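Take a look at the structure below.
The values are calculated or read from the model by the stated rules, or taken from the named source; none is laboratory data. Since the model is a prediction, treat every value here as computed from it, not as a measurement. Don't worry about glycine lacking a Cβ; one is built from the backbone with ideal geometry, like all the others, and counts go over all protein chains shown. When the accessible area is computed, the model is the full protein with side chains, heavy atoms only, and any ligands, DNA or RNA have been set aside. Shrake-Rupley method; radii C 1.70, N 1.55, O 1.52, S 1.80 Å.
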Amino acid sequence: MTRSAVRAAARATERASVRSTLQTTGRAVRALARLLAAALACAVLGATPAALAHPLDPALLELRESAPGVLDVSWKTARAAQGVLEPVLPDDCRDTSERRARVQRRSVLWRWSVTCEAGGLVGREVGVRGLAARQGDALLRIELADGRRVQAVLRADAPLFTVPERAGPLDVFADYLLLGIEHIAGGLDHLAFVLGLVLLVRGRRALLWTITAFTVGHSVTLSLATLGFVDAPTALVEALIAASIVVVALEVAHLREPDVGTASLLARRPWLVAFAFGLLHGLGFAGALADVGLPAGEIPLALLAFNVGIELGQLAFVALVLGVLALARAALAHRAPAAWIRLVPAYAIGTLAVVWLCERVVTLVG
């Protein structure tokens, strides 16, 4: 081959490389523009998906008994639940101090003191009224005069709790296991990220490694943050979580494009990126758990149970998605779906994520 032919071939290769880079960049820009347009449409229509992102805001009723029948009451509930949820104490308990409120970012904390004429709380019922209307849970923590601590999760079908002689570790584990399952089941942002991973990763083995890496990542930071070794601003963490979902949605959209170029790191090493993003999502889980609190003396057990509950809920969701995808493939086995249908999940995830990101950035800088 002559020297001029070699130079011509090199120039052709360079032009092809530049064209490929421009095409890839253009696809990313177009995808982001479509996501932003969809997010704007949601905002115009009054969509409020942020309310679905973290519904785990259970009320917290704390009773500290300084002497038999003498109680300090702490009642924390979401601001939206004011007037719907009310603490329930024995009928003979009377307020002995003024009820003082402190308004927090997402909740209101009330404190006051009471005296119960019949004496201590053991064997008596306490609880929260209005859980059925609120469709949520309430956490009950009791510190008795003799130093014993009792804890329970109150639900719509069991809003009252009879104070026992002693609470067992099995009860603590069961309560926090259910809290973990409920948090991941109701946390639409975390589920959107997991859905993106399922759509992005090809092959069951690769998906298993990716989900495992995500699990390890958020388990590490959940534990470290809950035990006080890591402290990150909640608003910043929530904004970064939304940004991570945007990244995954863009990757899924890029994967579904017919002219896919060079694969990104997330497509080539999804387990590595899933682990890194898992560290971030673990801080979000820790923030939710901090709102609930951990029982003194049972912190490791409660933390383990909450983490196990999250993983069980996450695995159930992955199994559900894989089942739906298998049914869809079977239904479309004899005909190829339209190209735009393949992009629907990516844009659905991305639209929600962009709305969350905008709202959380506003909260962060506001």
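Below are the figures for this structure:
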quantity: Percent of Cα pairs exceeding the 19 Å cut-off, where the set is region 148-201; calculated: 48 percent
quantity: Among 175-186, 109-120, 74-85, the order from most to least packed when residues are scored by Cβ within 10 Å on average; calculated: 175-186, 74-85, 109-120
quantity: Point-to-point label distance, Ala206-Arg148, nm (Cα→Cβ direction, 7 Å offset); calculated: 5.6 nm
quantity: Modelled label reach - Leu227, point 7 Å along Cα→Cβ, region 149-182 residues with backbone N closer than 18 Å; calculated: none
quantity: For region 68-120, with +1 on Lys and Arg beta carbons and -1 on Asp and Glu, the positive-most of Val70, Trp112, Ala80 along the dipole; calculated: Ala80
quantity: Computed accessible area, Val103, all protein chains, 1.4 angstrom probe, square angstrom; calculated: 100 Å²
quantity: Scattering curve values for region 60-180, log₁₀ I(q)/I(0), Debye with Cα scatterers, q = 0.11 Å⁻¹; calculated: -0.35
quantity: Per residue solvent-accessible surface (Å²) - region 138-191, probe of 1.4 Å; calculated: 43 Å²
quantity: For region 224-237, 3J(HN,Hα) per residue [Karplus equation, 6.51 cos²θ - 1.76 cosθ + 1.60, θ = phi - 60°, Hz, x = Gly/Pro]; calculated: 5, 5, 5, 7, x, 7, 10, 9, 10, x, 4, 4, 5, 4
quantity: Relative intensity, log₁₀ I(q)/I(0), of region 159-233 from a Debye sum that treats every alpha carbon as a point, q = 0.20, 0.21, 0.24 Å⁻¹; calculated: -1.06, -1.10, -1.20
quantity: Span from the region 66-145 Cα centroid across to the region 311-360 one, whole angstrom; calculated: 43 Å
quantity: Cα-projected label distance for Arg102 with Leu322, points at 7 Å along beta-carbon direction, nm; calculated: 4.7 nm
quantity: Accessible area in the full protein assembly, largest first, 1.4 Å probe, for Phe214, Phe317; calculated: Phe317, Phe214
quantity: Beta bridge orientation in region 50-166: antiparallel %, DSSP, nearest 5; calculated: 85 percent
quantity: Cα-projected label distance for Ala276 with Leu304, points at 7 Å along beta-carbon direction, nm; calculated: 3.3 nm
